[in-house]
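The values are calculated or read from the model by the stated rules, or taken from the named source; none is laboratory data. All of these numbers come straight from a predicted model, not from anything done at the bench. Positions of Cβ are generated from backbone atoms using ideal geometry, with glycine treated the same way; all protein chains shown enter the neighbour counts. To get the accessible areas, we keep the full protein, side chains included, count just its heavy atoms, and leave off ligands, DNA and RNA. Shrake-Rupley method; radii C 1.70, N 1.55, O 1.52, S 1.80 Å.
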Amino acid sequence: KNAVVPLDDSIQERDYAFAALGEINTIRLAVKMDYFVDSEGAVRKSGFDFVDQQLAFAKKYGLKILLDMHVPNGGAVQDFAVTEDNKSFWENPEPQKRFTEGWEVVARYYKDNETILGYELFNEPAVEPTVYWGLIHATLRKVRAADHKHLIAIQADRDGGFSTLKDNNILCVYHFY
């Protein structure tokens, strides 16, 4: 089964060349967990191929990439808003388990890639903070089992709070508009 990844022309080399003209040094590359693993947890090569191409562009222009898991498996956008689509991710432990395992696969694949600045584990969670932090702690354990070097970016929960994380390479991120 083929993954749905961005069109080949969605992000091009010229975009990285343009970014490098300014004082930009890092690109936050939004991806979906569905790029990397399917609904059963099987690895999808097409997602890694897409990111590998983006990393080649970034490296050529002296840029780093923060790999931002913008949408969890199942494709339900979060945006701090609860919807019928994203409720199923949070109410069922199976997609959450696939999410943490998917992150371990991604981190293992990129653990030695120096163009990766780090991993942003989740974007704008639409769930109660205690549930979100449970997922983040589990995901952080899986990522660190595979990759202990890269920066981990953590979003605030939907109430703007943070949890204590036992890691010395964390970037705290706020997204409130």
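Residue pairs exceeding 25 angstrom between C-alpha atoms, taken from Lys60/Lys142; Lys45/Lys97; Lys32/Lys149; Lys45/Lys87; Lys59/Lys149; Lys64/Lys142: Lys60/Lys142; Lys45/Lys87. Note on Arg28/Asn92: beta-carbon distance plugged into 1/(1 + (r/R0)^6) with R0 of 35 Å gives a FRET efficiency of 0.80. Return a whole-number percent for the relative contact order of the chain, with Cα pairs under 8 Å and 6 or more residues apart as the contact set. Dividing the mean separation by the residue count of the chain yields 20 percent.
Here the extension length gained between Val77 and Asp112 equals 9.6 nm, from 0.36 nm per residue of separation less the Cα-Cα distance. Rolling a 1.4 Å probe over the protein heavy atoms gives the stretch 91-177 an accessible area of 49 Å² per residue.
The label-point distance for Tyr174 and Lys60, in a model that sets each label 7 Å from Cα toward Cβ, rounds to 3.8 nm.
Helix 45-60 and the longest principal axis of the Cα set of the chain meet at an angle near 50°.
Projecting the Cα atoms of Ala58, Val105, Val71 onto the charge dipole of the stretch 47-106 (Cβ charges, centred on the Cα centre) puts Ala58 farthest toward the positive pole. Annotation: amide H-H contacts under 5 Å for Arg44 (H modelled 1.01 Å from N, sequence separation of 5 or more, or interchain): Val37, Asp38. Taking a Cβ cut-off of under 14 Å around Pro129, the surrounding Lys, Arg, Asp and Glu residues balance to a net charge of -3, with basic ones at +1 and acidic ones at -1.
Label reach from Thr164 (point 7 Å along Cα→C-beta): in the stretch 98-121, no amide nitrogen lies under 16 Å.
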